[in-house]
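The values are calculated or read from the model by the stated rules, or taken from the named source; none is laboratory data. Quick caveat, the model's predicted, so the values are computed rather than measured. Don't worry about glycine lacking a Cβ; one is built from the backbone with ideal geometry, like all the others, and counts go over all protein chains shown.
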């Protein structure tokens, strides 16, 4: 289904054919669930949030003004919902200081096993303050496209860049302690 | 850790697949939504007379308050008829407990405004696209 098919499906729904919305759901279910999963790291909750996003989109279809692509509108709606939901009921997070030490601190790359390193980095992103976590999550979700991330967050690009930069700085600072300290302890 | 390392790790996120019944479950909810009767609109026509009366009462109270305040200022001449009318209005208002009604109205107005403010802050952004 292309962008024009999205538009046609939306028009059919607005004309009273609710079943036409299924095409929209099938096309966007993967991206919306994956976006939710990146926010909450819980598969079940990701599907619940994505379902709510589709329902809200269905209710608000008449408010899509077609000034932006349907996908842009849908991602902005979903992002708004996910951020609100996670501020209302935060996802279960583990503070970076409580993250268990890696299994083998020396295995690869002069330090951690790749899998451990990835896990620690993702937990560090999850432990960021919401406004930085949202910018970082959206930036990588949209394949490092600042414009797309800023559309989804409905924020100016400059704001997203600043939050991304600050988020990365926090990550670097946190991760330098957590990825280097085990090595130093091992060597001592 | 450098930015390219962060980029490398965070770009290769695992993709999860929707469960098999996800689309069907969404469409079931959509069909339920479509079948539900439309929400009942606020009965503005019926509420309008009451709102007008409340507004007029409020304006009258404000005017009478101003009159009473200016009456206390020395050298200020106020027509006797105004004073008599405002005095009887204030007496009637006291008997009816108008001050409490006014407080209740103001509190209701403030709470509605606050609720609308929060509601408009919750979903404002994507609706502008």
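Residues checked against (1) assigned by TED's automatic domain parsing to the domain that holds residue A:175; (2) modelled with pLDDT of 90 or more; (3) in contact with a strand residue (DSSP E or B) (Cβ under 7 Å, 6 or more places away or on another chain):
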| position | (1), (2), (3) |
| --- | --- |
| A:59 | no, yes, no |
| A:67 | no, no, no |
| A:83 | no, yes, no |
| A:105 | yes, no, no |
| A:108 | yes, no, no |
| A:153 | yes, yes, no |
| A:156 | yes, yes, no |
Which residue, of B:17, B:58, B:10, is within 28 Å of residue A:140 (Cβ to Cβ) and at pLDDT 90 or above?
B:17
Quick check on residue A:85: is it assigned to a helix (DSSP H, G or I), facing chain B (nearest Cβ under 7 Å) and under 24 Å from residue B:21 (Cα atoms)?
no
Filter result (within 7 Å of chain A (Cβ to nearest Cβ), in a helix (DSSP H, G or I) and surrounded by fewer than 11 Cβ atoms within 10 Å (Cβ to Cβ)) within region B:12-58:
none
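This table checks each residue for (1) facing chain B (nearest Cβ under 10 Å); (2) over 12 Å from the mean Cα position of the chain (by Cα).
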position: A:6; (1), (2): no, yes
position: A:18; (1), (2): yes, yes
position: A:21; (1), (2): yes, yes
position: A:46; (1), (2): yes, no
position: A:61; (1), (2): no, yes
Can you tell me which residue in region A:34-44 is farthest from residue A:127 (Cα to Cα), limited to those that are part of a helix (DSSP H, G or I), more than 8 Å from chain B (Cβ to nearest Cβ) and in contact (Cβ under 8 Å) with a residue 60 or more places away in the chain?
A:35
Looking at (1) at the interface with chain B (Cβ under 9 Å from one of its Cβ atoms); (2) farther than 16 Å from residue B:24 by Cα, which is the one condition that is false for residue A:31?
(1)
Within region B:1-11, does at least one residue satisfy the condition of being over 31 Å from the mean Cα position of the chain (by Cα), more than 30 Å from residue A:16 (Cα to Cα), more than 10 Å from chain A (Cβ to nearest Cβ) and part of a helix (DSSP H, G or I)?
yes
